[in-house]
Amino acid sequence: MGKFTAYKLPLKSLSEGTHEFDYKLDKQFFANMEYADVRDADIEVHLVVNHHNDLYHLDFQITGTVTLLCDRCLDDLVMPIDTTYSIDVEYGEDYNDESDNLLVIPQSDNYLNVAYMLYDTVVLCIPIKHVHPLGKCNRAMSALLKKHRAHGTGEDAELEDEMLDSIEQLDSGSDDTATDPRWDALRGLGSDNE
């Protein structure tokens, strides 16, 4: 039995009308795809196939979570997945996937393996940078990162320093930052008028 046998859709044996299928994507699915970024997964796929004449309309509803490593603190990052994907499939002379909306498969194929469609759809939902929201990274790792990171120059380095300072302030709960004296003078103007 192959790695993706469970994802074979028996198109030729489907009668006209609507048919529903359910699939589960887990850690092993992504390991079989050799995608190392996903450490764990719990994804449900609901597929509705509408067969009319010689056309099969496939609607995928994909929901669940994937667990990745945070690029900043290296802790687990659970990312929600909630997306849909639709494609039309028909039989023809040769395999042809040049269109975004139509997939042509050879007459000799009794099955359509949807594993790669599911994989591509989920992977496209995962952002390139895997980072926790501001203030949610591991505090100890954030402190080490700030302490040991090589200080660069320019706006990016300054922005990163400000972000790391903000994270530390959020984590410690302190709000004793210095204020700009120009703003202090402006605040004072409002109180003199009363």
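Miscellaneous remarks
- Sum of side-chain charges, residue 29 neighbourhood, beta-carbon under 15 Å (Lys, Arg +1; Asp, Glu -1): -3
- Segment 44-124 - percent relative contact order, Cα under 8 Å, separation 6 or more: 21
- Accessible area of residue 125 in the full protein assembly, 1.4 Å probe (Å², nearest 10): 50
- Calculated FRET value between residue 146 and residue 186, using beta carbons and R₀ = 22 Å, to 0.05: 0.10
- Taking the empirical scaling 2.2 N^0.38 Å for compact globular proteins as reference, segment 44-154 has a Cα radius of gyration ratio of 1.60.
- Two-site FRET efficiency, residue 74 against residue 26, from Cβ-Cβ distance with R₀ of 22 Å, rounded to 0.05: 0.45
- Using a simple spin-label model with pseudo-atoms 7 Å out from Cα toward Cβ, residue 129 and residue 18 lie 4.2 nm apart.
- Solvent-accessible heavy-atom area per residue, rounded to whole Å², over segment 4-46 at 1.4 Å: 57
- Nearby lysines by direct alpha-carbon distance to residue 8 (threshold 20 angstrom, same-chain neighbours under 8 apart not counted): 24, 27
- Residue 138/residue 67 FRET efficiency (R0 22 Å; Cβ-Cβ; nearest 0.05): 0.90
- Net charge of Cβ neighbours under 10 Å - reference residue 91; Lys, Arg +1; Asp, Glu -1: -3
The values are calculated or read from the model by the stated rules, or taken from the named source; none is laboratory data. Because the structure is a prediction, the values reported are computed rather than measured. Every residue, glycine among them, receives a Cβ derived from its backbone with ideal geometry; neighbour counts consider all protein chains shown. Just so you know, the surface numbers come from the protein's heavy atoms only, side chains and all, with ligands and any DNA or RNA stripped out. Shrake-Rupley method; radii C 1.70, N 1.55, O 1.52, S 1.80 Å.
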